[in-house]
Amino acid sequence: MSDGTAAALSSPAPLVRTEISDRVGIITLNNGAKRNALSAALLDEVIATLEGFGTKDVRAVILRAASEMTVWSAGHNINELPRSHTDPLGYADPLERTLRAIRSFPAPVVAMVHGSVWGGAFDLVLSCDMIIADETAGFAITPVNLGLPYNTTGLLHFLGRLPLNLIKEMFFTAALIKAQEAARWGIVNHLVPSAELESFTMTLAQGMASKAPLAVAVVKEQLRILTDYQPVAAQLFERIQEMRRSVYDSKDYQEGINAFLEKRKPVFRGK
């Protein structure tokens, strides 16, 4: 066996696979061993891919998981979250940078969902312009399982897409919303049979890619500005940040992270 062949056989699979077909860029999350946990390395590849698509006349993007996966993404890589005394979801967090890259990309980004979507990955698919899912899909937002204070930017993403009572139920319970219920609440744009998911999503993306790209881009940016920029008084923002700080400095937050890593049920004491 040549050295080149040995290196090829030993090299790990890419965290993200990419392709372009008929001006549609496809980003496939490909870290099945970690259930597509949103590590900094994986998210950096997503951002780099979007930047590359921006130079190649890509007019629509599909974000998906590898077809054999039953979990679309397990959410944040918990091993990479700070233990305490540091905002776990700050402006420079890799997930936050990825959400901004998707929301500001000058073409439609479609999340194609087969399997369950957990935690920060739900924020990721909600930041896409639309969601197409099949009957295996499910969605859960899980910071209360870790004692983690979700950030204001993330909450605004949810407020821009979903009814307030649903947001509260999902955040307070961390329960999984299954496909049919997700369709009823408007979480997904289209719920289609699994056998048709890829063809339906590609046809939708190709249709959008055939439209006037400048017109599409300006409408997307106008909608982003109108939904993102909601003024908050400085003193209220400071109060929110102080409340969040008291949570990520708490013993409960440390307990939540430790329990996850130790694969046990956390015991939260409200301290």
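The values are calculated or read from the model by the stated rules, or taken from the named source; none is laboratory data. Everything numeric in this text was worked out from a predicted model, so none of it was measured. Cβ: placed from backbone, ideal geometry, glycine included. Neighbour counts: every protein chain shown.
Here's the yes/no breakdown for (1) aromatic (Phe, Trp, Tyr); (2) closer than 22 Å to Cys128 by Cα; (3) without any contact (Cβ under 8 Å) to a residue 60 or more places away in the chain; (4) surrounded by 12 or more Cβ atoms within 10 Å (Cβ to Cβ):
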| residue | (1), (2), (3), (4) |
| --- | --- |
| Ser194 | no, yes, no, yes |
| Glu198 | no, yes, no, yes |
| Ala212 | no, yes, yes, no |
| Arg224 | no, yes, no, yes |
| Thr227 | no, yes, no, yes |
| Gln230 | no, yes, no, no |
| Ala234 | no, no, yes, no |
| Glu242 | no, no, yes, no |
| Ile257 | no, no, no, yes |
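Confirm whether Ala205 is within 30 Å of Gly54 (Cα to Cα) and surrounded by 17 or more Cβ atoms within 10 Å (Cβ to Cβ). When the stated conditions are applied, Ala205 passes them.
Counting the residues of the stretch 37-76 that are among the basic types (Lys, Arg), over 17 Å from the mean Cα position of the chain (by Cα) and surrounded by 15 or more Cβ atoms within 10 Å (Cβ to Cβ) gives 1. The residue that is nearest to Ile78 (Cα to Cα), counting only those in the stretch 259-271 that are of a type outside the set (A, V, I, L, M) and either surrounded by 14 or more Cβ atoms within 10 Å (Cβ to Cβ) or in contact with a Gly (Cβ under 9 Å, 6 or more places away or on another chain) (or both), is Phe260.
Of the residues making up the stretch 230-243, not a single one is more than 21 Å from the chain's Cα centre (by Cα) and under 19 Å from Ala111 (Cα atoms). Kindly establish whether Thr136 is closer than 25 Å to Gly32 by Cα and in a helix (DSSP H, G or I). Criteria not met by Thr136.
Pull out all pairs, ordered by first then second residue, where Cβ-Cβ is under 9 Å, the residues are six or more apart or on different chains, the first lies in the stretch 135-148 and is closer than 18 Å to Arg83 by Cβ, and the second is assigned to a strand (DSSP E or B) and among the small types (Gly, Ala, Ser). From the stretch 135-148, no pairs qualify. Screening the candidates Glu51, Glu19, Glu45 for the property of being modelled with pLDDT of 95 or more, more than 24 Å from Ala182 (Cβ to Cβ) and in a strand (DSSP E or B) yields one hit, Glu19.
When the stretch 66-84 is filtered for residues that are assigned to a loop (DSSP other than H, G, I, E, B) and farther than 17 Å from Ala140 by Cβ, the ones remaining, listed by number, are Ala66, Ser67, Glu68, Leu81, Pro82, Arg83, Ser84.
Scanning the stretch 241-271 for residues that are at pLDDT 90 or above and of a type in the set (Gly, Ala, Ser) yields Ser250, Gly270.
On inspection, Asn79 fails the criterion of being surrounded by fewer than 17 Cβ atoms within 10 Å (Cβ to Cβ) and either in contact with a Ser or Thr (Cβ under 6 Å, 6 or more places away or on another chain) or modelled with pLDDT of 95 or more (or both).
Of all residue pairs spaced 6 or more apart or on separate chains, those with beta-carbon atoms under 7 Å, a first member in the stretch 158-174 that is under 18 Å from Cys128 (Cβ atoms) and a second member that is surrounded by fewer than 15 Cβ atoms within 10 Å (Cβ to Cβ) and not aromatic (Phe, Trp, Tyr) are Gly160/Thr227; Ile167/Leu159. I'd like to verify a number: residues in the stretch 114-133 that are under 11 Å from the mean Cα position of the chain (by Cα) and either part of a strand (DSSP E or B) or under 20 Å from Leu226 (Cβ atoms) (or both), how many? The number of residues fulfilling the criteria is 6. Going residue by residue through the stretch 149-162, is there one that turns out to be of a type outside the set (Gly, Ala, Ser), touching a His at 6+ places or on another chain (Cβ under 8 Å) and either surrounded by fewer than 21 Cβ atoms within 10 Å (Cβ to Cβ) or not in a helix (DSSP H, G or I) (or both)? Taking every residue of the stretch 149-162 in turn, none turns out to be of a type outside the set (Gly, Ala, Ser), touching a His at 6+ places or on another chain (Cβ under 8 Å) and either surrounded by fewer than 21 Cβ atoms within 10 Å (Cβ to Cβ) or not in a helix (DSSP H, G or I) (or both).
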